[in-house]
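Visitor: One structure is given below, represented as structure tokens, and several questions about it will come after.
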Amino acid sequence: MNRPVVSSTPVLRTTLLWSAIATAVLAVIGALIGWSVRGTDGLWSALVAVLLAAVFLGFTGASILIANRWYGDALYVPIFFGLVMGAWVLKFVVFIVVLVVLRGQPWLDPAVFFVALIVSVVASLVIDVLVMLRMRIPHASDVTLPTAADLDSADDPSRDLPREDETPRGA
């Protein structure tokens, strides 16, 4: 079935692509800085933080892209919100579990982990803003505008005449 493309799909795809590139760059930079500051523990702390941020920030975009596959379906809205909210709840629970598991690890340097995580999240937010500023999306997207045929029928004088089963105006 050939469904229309939702205007958010190209934005999200671009965001995910730029985020993947930023993740690779941040992983290399974070690993180098982490290793130079705290040795092997700093290296692994930075890598885990960057990867964690990338995975969890990608959940939202991916869930919206998956939900957009049902655009045009009568159940699009409940499917969309079900998938997006389900991904959010899953992300929240898994994030808490990952933090609890990582909390007591001897190889995790909390300072390097925290800084790498914050830098990754800020980089993701900057990418979101840049993509939104550069994309050309109309203010009212995914709507159907009137066609020339609709406008022609609006000019039809017979549309103002009462129907046979209707009382004339003013009578």
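Visitor: Report, to the nearest whole %, how much of the accessible area of segment 50-134 belongs to carbon and sulfur atoms, 1.4 Å probe, protein only.
Guide: C and S fraction of accessible area: 80 percent.
Visitor: Can you give the accessible area per residue of segment 1-63, in Å², using a 1.4 Å probe?
Guide: 56
Visitor: So for the pair Met132, Arg69, with labels modelled 7 Å out along Cα→Cβ, what separation do we get in nm?
Guide: Result: 2.7 nm between the two label points.
Visitor: Collect residues whose amide H, placed 1.01 Å from N in the peptide plane, falls under 5 Å from the amide H of Gly72; neighbours closer than 5 in sequence don't count.
Guide: HN-HN under 5 Å from Gly72: empty list.
The values are calculated or read from the model by the stated rules, or taken from the named source; none is laboratory data. As the structure is a prediction and not an experimental result, all values here were calculated from the model. Every residue, glycine as well, gets a Cβ built from its backbone with ideal geometry; the counts of neighbours run over all protein chains shown. What goes into the accessible areas is simple: the full protein's heavy atoms, side chains included, and nothing from ligands, DNA or RNA. Shrake-Rupley method; radii C 1.70, N 1.55, O 1.52, S 1.80 Å.
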